[in-house]
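The values are calculated or read from the model by the stated rules, or taken from the named source; none is laboratory data. All figures in this text were calculated on a predicted structure; none of them were measured in a lab. No Cβ is skipped: glycine too gets one built from the backbone with ideal geometry, and neighbour counts run over all protein chains shown. Note: areas computed on protein heavy atoms with side chains; ligands, DNA, RNA excluded. Shrake-Rupley method; radii C 1.70, N 1.55, O 1.52, S 1.80 Å.
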Amino acid sequence: MRNIVLIGFMGSGKSSVGRVLAELLNMTFVDTDAVIEANAGCSISEIFHEQNERFFRKLERDAVKRISNNSDQVIACGGGVILDPENTRNLRRNGIIIYLETDPEVIVERTKDTAERPLLDIADKELEIQKLMRKRQAKYQDAADISINTSDLSVNEVVNEVVKRIEGDANEGG
Ligand code: S3P
């Protein structure tokens with residue numbers, strides 16, 4: 001089966017949804033950030049701080065390329081994966097791309113206590129979230145085959161919606 005690729009902003013639930021979805025569909029769960037960390041032998045925050053974002057994006061591009069060569073996976077992508085069109089091309093070759101859309105207020109709430117998100121490691125988190133979302137919104141939408149607004153949904157509800165929409169997409173010959 002072709003890959004199910006989850007994209008969306010930090011805190012949109014890609015990893016939580018991805019894990020449950022993979023279990024349900026008997027597919028392998030892959031988290032691009034976890035692959036990058038395992039390959040680099042350090043955390044995403046360390047990569048950002050000891051190198052820089054540009055270096056992280058290169059590791060991300062390499063990881064996405066390798067992961068995209070396999071199938072039967074649910075892939076939870078880092079929130080910035082859509083910044084590079086090469087990533088979207090690679091992911092699409094062998095997968096259906098699902099955008100987990102989430103309102104900024106919900107993202108603010110969900111990412112409140114996280115220390116592991118270097119891009120939000122700043123004083124005015126809320127403003128940064130709004131700024132980044134505005135900049136990325138169209139890219140998420142352009143990359144997606146299916147969009148689901150997850151703001152008012154539980155993880156299980158999102159999983160059910162993904163399954164329903166994928167089946168609908170397949171029946172339409174998509
Ligand atoms: C990023 C999102 C993070 C991680 C890195 C950069 C982004 O992943 O890849 O901190 O640019 O949005 P999550 O979306 O899983 O938090």
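Data table
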item: Residue check, Ser43 under 17 Å from Leu91 (Cα atoms) and small (Gly, Ala, Ser); result: no
item: Residue tally, condition touching a Cys at 6+ places or on another chain (Cβ under 8 Å) and not aliphatic (A, V, I, L, M), over segment 39-86; result: 1
item: Tally of residues being open to solvent by 20 Å² or more (accessible area, probe 1.4 Å) and within 14 Å of the ligand (Cβ to nearest atom) across segment 96-105; result: 2
item: Meets criteria (part of a helix (DSSP H, G or I) and more than 11 Å from the ligand (Cβ to nearest atom)) for Arg66; result: yes
item: Where a residue in segment 18-45 is without any contact (Cβ under 8 Å) to a residue 60 or more places away in the chain and within 13 Å of the ligand (Cβ to nearest atom) and its partner, wherever it lies, is open to solvent by 20 Å² or more (accessible area, probe 1.4 Å) and not in a helix (DSSP H, G or I), with Cβ under 6 Å and at least six apart; result: Gly18/Phe29; Arg19/Phe29; Glu37/Ser43
item: Residues that are small (Gly, Ala, Ser), open to solvent by 50 Å² or more (accessible area, probe 1.4 Å) and modelled with pLDDT of 95 or more, drawn from segment 142-174; result: Ser154
item: Single residue of Arg61, Arg110, Arg93 found to be at negative phi, surrounded by fewer than 20 Cβ atoms within 10 Å (Cβ to Cβ) and touching a helix residue (DSSP H, G or I) at 6+ places or on another chain (Cβ under 9 Å); result: Arg61
item: Among (1) closer than 27 Å to Glu126 by Cβ; (2) of a type outside the set (Ser, Thr, Tyr); (3) within 12 Å of the ligand (Cβ to nearest atom); (4) assigned to a helix (DSSP H, G or I) - the single one Gly79 does not satisfy; result: (4)
item: Of all residues making up segment 123-133, the number that are within 15 Å of the ligand (Cβ to nearest atom) and either among the small types (Gly, Ala, Ser) or in contact with a Pro (Cβ under 9 Å, 6 or more places away or on another chain) (or both); result: 3
item: Of the criteria (1) under 15 Å from the mean Cα position of the chain (by Cα); (2) surrounded by 20 or more Cβ atoms within 10 Å (Cβ to Cβ), which one Lys139 fails; result: (2)
